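Inspection log for the structure reproduced underneath, given as structure tokens.
Each reported figure results from applying straightforward, stated rules to the coordinates on display, with no laboratory input. Note that the structure is a prediction, hence the values are computed from the model and not measured. So basically every Cβ, Gly included, is an ideal-geometry build from the backbone, and we count neighbours across all protein chains shown.
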Amino acid sequence: MTDPIADLLTRIRNASRAGHLTVNIPASKTKRTILEVLKTEGYLDKVEDFEDVSGHKNFKVYLRFSQQGRPIIRELTRLSRSGKRVYVGKEEIRKFRGGLGMYVVSTSKGMLTDSQARELGVGGELVCSIF
């Protein structure tokens, strides 16, 4: 796997579209911070750690759905990738979809939402967008 973050986003996107309540994702510190940002912002219900039968650490991610059964996550896109990094300065961070969605930004202060990065006055690498 060349891009573990893209794999994380694809697993969440596919499970959400298929109507699965949970999805298992191989664990890493970066993935944990991205999942915590998504959970804090209300896109995920919860994230649990567990080990599979071979002893590898994984996350069990519980997805959120609306009362009508539609997934909360409509769009999840990887922005910065290994072949094309996307960086923004603190003045360049704009609202995604008029504030209805959000960007996840990797900054010197950690993984933040676009609004948190604007509030703290820091720029960084645009990891993904979510709507």
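Quick one, what does Rg over Rh come out to for the stretch 4-63 if you take C-alpha atoms and the Kirkwood Rh?
0.94
At a 10 angstrom cut-off on C-beta neighbours, averaged per residue, how do the peptides 8-18, 88-98 rank from highest to lowest?
With the highest mean Cβ count within 10 Å placed first, the list reads 8-18, 88-98.
Calculate how large, on average over all directions, the projected area of the Cα convex hull of the stretch 76-130 is; give the answer in nm² to one decimal.
3.5
Just report the Cα centroid separation between the stretch 99-127 and the stretch 47-84, whole Å.
19
What does the charge dipole of the chain about its Cα centre add up to, to the nearest 20 debye, if the Cβ of each Lys and Arg holds +1 and the Cβ of each Asp and Glu holds -1?
Using Cβ point charges on Lys, Arg, Asp and Glu, the chain gives about 320 debye.
Rg and Dmax in Å for the chain, alpha carbons only: what are they?
Radius of gyration, then largest Cα-Cα span, for the chain: 14.8, 47 Å.
Which of the residue pairs Lys29/Lys57; Lys39/Lys95; Lys29/Lys109; Lys29/Lys60; Lys31/Lys60; Lys39/Lys84 have a Cα-Cα distance greater than 22 Å in the structure shown?
Result: Lys39/Lys84 exceed 22 Å.
Along the Cα→Cβ direction, 7 angstrom out, place labels at Ser28 and Ser66. What is the inter-label distance in nm?
3.3
Show me the ranking of peptides 120-131, 67-78, 22-33 by mean Cβ neighbours inside 10 Å, starting with the highest.
120-131, 22-33, 67-78
For the stretch 76-130, what does the relative contact order come out to in percent, with C-alpha contacts under 8 Å and a separation of six or more?
The normalised contact order for the stretch 76-130 reaches 48 percent.
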